[in-house]
Amino acid sequence: MNIARKLLVIATWLSCLQCATAQQPNRDTWPESIRTVLQNAKPLAHPRGQRLPLYILPISGTLSQLNDAEAKSALQELDGRGIGYTVEWQPEQQEQSLQEALRIARWQLELGQPIAVNANACLHSFYDGTAATQHVDAAGQPFADDSHQGSIGCPFALEHRIEPIRERIRYFVNAYQAAGLPIDLVIADWEIDGPIEWNGAWEASRRCGRCREQLHDLNDFRSFQSQLRQIRSRLLRDAYADVIRATFPDAKVGNYGVYRHDGFRYWYDYYETPAADPLPYVAEQNARYRPWYHEFPECDFTLAMPVIYTWYPIFDCYNFEPTDYRWFYNMLKVASNAGKHAARTDTILPFVHWHTTAPPDSPDARVQQLSETKYQELLWHLLMRGHDSFFLWCTPQELAKETALVHQVYAASLEHSDLLQRGSSISYAAPAVPQSVISGVRLGRQTLVYRSNFVSDRETLATTLTLANGDVVHVASTNGLQILEARPPAIAAGFLQRNGKALFPLGTYELSQDDAELKRRVAAGVNLFRCESREDLDRVQRAGAMGWIPIPLQGGPSDEFAARIASLADHPALAVWEGPDEIIWTFTAYSGLKQTAGYTRADWETQQPIAVKYARE
């Protein structure tokens with residue numbers, strides 16, 4: 001090769017290297033939250049398929065800082081880990097946030113990922129701080145309820161605020177429609193705004209002249225709650241959910257803490273004070289569960305978002321030992337409440353958080369954090385009780401550990417997506433004392449079960465669950481995931497009967513060729529005989545007994561095997577088929593030996609050193 005050609009090859013190689021280097025994204029320039037998530041979530045071993053992605057609130061909207069190549073690359077890396085992404089609709093920066101939202105939506109459409117939105121900023125605030133939205137006292141002076149760490153005004157002073165909020169949402173919805181892009185999922189974290197009935201709200205409404213005029217039965221808290229929640233639901237429906245679903249009817253739309261339930265709420269948010277007399281509640285140990293209005297259907301939501309957090313006060317609500325069960329029990333109650341009452345058309349995307357949530361500045365040293373192991377087990381129970389994925393909230397300092405914990409469970413669950421998506425939950429029980437917690441989903445006979453034990457191994461026993469259709473599942477005592485088969489229950493009356501009475505099976509391998517001897521044995525109590533042919537079955541039937549037939553399972557599904565089954569299956573004296581047990585116990589014994597001791601049957605029979613050493617030990 002001459003010098004000129006060598007220089008040309010070297011120049012070409014350097015050019016290609018520079019191009020390749022230029023095309024590689026520089027993660028160092030990516031937002032810290034994105035880098036943290038990617039570092040703590042491994043690429044998926046199983047495809048996400050049609051499962052809802054895992055969502056992580058701290059990365060919402062952060063790709064807006066990146067150029068097209070970097071943002072698309074980051075989105076692809078998230079997608080490869082099963083992690084979804086929400087853009088932020090910002091009414092104060094409408095055009096800028098719209099262009100960013102459409103940019104991301106086009107890539108999400110290419111990736112087959114839901115086009116997801118965080119519309120929280122659009123909803124804040126109905127109570128805009130003006131006197132027009134506040135309560136009015138007897139002297140005509142405006143005032144606000146400041147007992148919720150936010151300024152809450154009069155529920156009857158918000159009519160003029162609906163249209164401005166609605167227009168914010170409509171601006172973005174119309175732009176998506178004009179761009180030919182769908183909207184698949186919209187979430188909000190709308191909390192301390194709009195009518196709220198807790199803390200000092202009841203007393204504020206009693207002071208307000210407008211509330212006294214328009215609220216019925218103001219001295220009845222449940223009536224007060226219902227009326228305020230009806231107004232709150234209307235705000236969310238008219239200004240938020242219906243605006244989106246009118247154009248995109250299949251969109252999943254929801255809000256923090258709004259889900260179907262049994263009429264009670266089993267958790268308190270950080271700004272809420274525990275219910276006390278005269279407020280209604282149901283007590284369990286030190287916990288006080290509040291009645292709750294059924295707001296989910298009135299909001300016209302399709303996305304349920306229960307809040308499964310380790311709220312700091314939970315620890316002292318119960319006296320359970322081990323203390324892990326204090327957290328686990330409460331969070332399981334919340335999750336089960338949402339899962340059990342969800343409609344088939346609902347999607348459940350729970351907010352989750354592991355670190356002890358909203359502790360005081362000087363937390364009590366007695367308060368022990370929920371263990372990582374039991375938190376991850378809890379997440380499995382959520383998936384088996386109807387929850388579709390997880391929506392992680394946490395602080396920036398917690399992001400690495402929180403991401404790792406939730407992503408490990410989500411990624412592992414993808415191996416069982418068919419069962420989780422198409423199966424039916426088999427249990428919503430939350431034991432009121434520490435014991436074993438069992439959840440599962442069933443599809444046909446196949447049943448996926450997760451068991452969490454809160455008692456010692458010697459106190460843990462195998463359990464038989466009876467399913468809704470009467471079938472049973474035998475759950476081993478071991479902690480963790482189990483794949484089982486649901487079967488019809490054993491027939492208590494037995495299959496051998498004489499004169500309407502059940503018989504204990506008493507059998508013999510010997511079938512006498514002497515009919516008289518056969519009858520004597522039946523009279524002595526033998527009721528089951530080994531038979532070889534239809535003629536043998538005829539004889540034992542005439543003698544008042546039944547027979548079993550050996551079948552050559554070891555020969556496989558041959559034509560001869562099928563013919564033998566067909567020729568005998570309808571005989572009324574046939575009690576049971578017998579297969580050779582040797583093929584079972586021999587395989588099990590030697591395969592178990594290989595797994596536990598590390599050597600094979602051949603090793604033992606030829607007395608290899610590994611087998612001899614194991615025997616001597």
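Structural remarks
- Per the Debye formula on identical point scatterers at the alpha carbon atoms of the chain, with no solvent, log10 I(q)/I(0) at q = 0.06, 0.08, 0.09, 0.13 Å⁻¹ is -0.50, -0.76, -0.88, -1.41.
- Integer Hz, Karplus 6.51/-1.76/1.60 couplings in order for region 115-124, x for Gly and Pro: 7, 10, 9, 9, 9, 4, 4, 5, 8, 9
- All alpha carbon pair distances within region 22-167 were sorted into 5 Å bins beginning at 0; the resulting P(r) in whole percents reads 2, 8, 16, 16, 14, 10, 8, 8, 8, 5, 3, 2, 1, 0, 0.
- Cα-based Rg of region 116-224 normalised by 2.2 N^0.38 Å, two decimals: 1.28
- Cβ-Cβ FRET estimate between K519 and V576, R0 fixed at 25 Å, reported to 0.05: 0.70
- When K42, K501 are sorted by how many other C-beta atoms sit within 10 angstrom of their C-beta, beginning with the fewest, the order is K501, K42.
- Of all DSSP beta bridges in region 497-580, antiparallel share, percent nearest 5: 20
- Cβ-derived FRET efficiency at R0 56 Å, A566 paired with A343, nearest 0.05: 0.75
- The gain in end-to-end length when the E110 to D220 segment is fully stretched comes to 34.2 nm, 0.36 nm per residue minus the alpha carbon separation.
- Electrostatic bookkeeping for A342 treats Lys and Arg as +1 and Asp and Glu as -1; over the other residues with beta carbon under 13 Å from its beta carbon, the sum is +2.
- Antiparallel content of DSSP bridges confined to the chain, in %, to 5: 55
- Cα convex hull volume per residue for region 117-169 (Å³): 82
- With K and R counted +1 and D and E -1, the other residues having a Cβ less than 11 Å from that of H355 yield a net charge of -2.
- Paramagnetic label reach from Q285 (point 7 Å along Cα→Cβ; backbone nitrogen cut-off under 16 Å): within region 357-388, residues 366-371.
- Y289, Y428 arranged by Cβ crowding within 10 Å, fewest neighbours leading: Y428, Y289
- Helix-only [θ]222 nm of the chain, DSSP H runs n ≥ 4, -39500 (n - 2.57) each, per residue, nearest 500: -11000 deg cm²/dmol
- Positive dipole terminus of the chain, leading residue within L405, H355, S223 (C-beta point charges): L405
- Debye-formula intensities of region 193-277, expressed as log10 I(q)/I(0) at q = 0.16, 0.23 Å⁻¹, are -0.78, -1.24 (one equal scatterer per alpha-carbon, no solvent).
- Relative to the dominant Cα principal axis of the chain, helix 324-341 is inclined by about 90°.
- Across region 497-580, the mean sequence separation of Cα contacts (distance under 8 Å, 6 or more residues apart), normalised by length, yields a relative contact order of 26 percent.
- Semi-axes of the equivalent ellipsoid for region 342-444, computed as √(5λ) from the eigenvalues of its C-alpha gyration tensor and ordered from largest down, come to 27, 17, 12 Å.
- Base-10 log of normalised Debye intensity for region 497-580 (one unit scatterer per alpha-carbon) at q = 0.15, 0.17, 0.20 Å⁻¹: -0.54, -0.68, -0.88
- Relative packing of 53-64, 313-324, which averages over residues the other C-beta atoms within 10 Å, highest first: 53-64, 313-324
- Our summary gives the chain a relative contact order of 9 percent, counting only alpha carbon pairs under 8 angstrom and 6 or more residues apart.
- Neighbour-count order for R326, R206, R288, fewest beta carbons within 10 angstrom listed first: R206, R288, R326
- Sorting 537-544, 520-527 by their mean Cβ neighbour count within 10 Å, with the most densely packed peptide first, gives 537-544, 520-527.
- Descending Cα extents along the principal axes, region 310-394, whole Å: 44, 26, 20
- Inverse of mean 1/r across different Cα pairs in region 423-490, Kirkwood, Å: 12.2
Each value in this text was obtained by applying a stated rule to the coordinates, not by laboratory testing. As the structure is a prediction and not an experimental result, all values here were calculated from the model. No Cβ is skipped: glycine too gets one built from the backbone with ideal geometry, and neighbour counts run over all protein chains shown.
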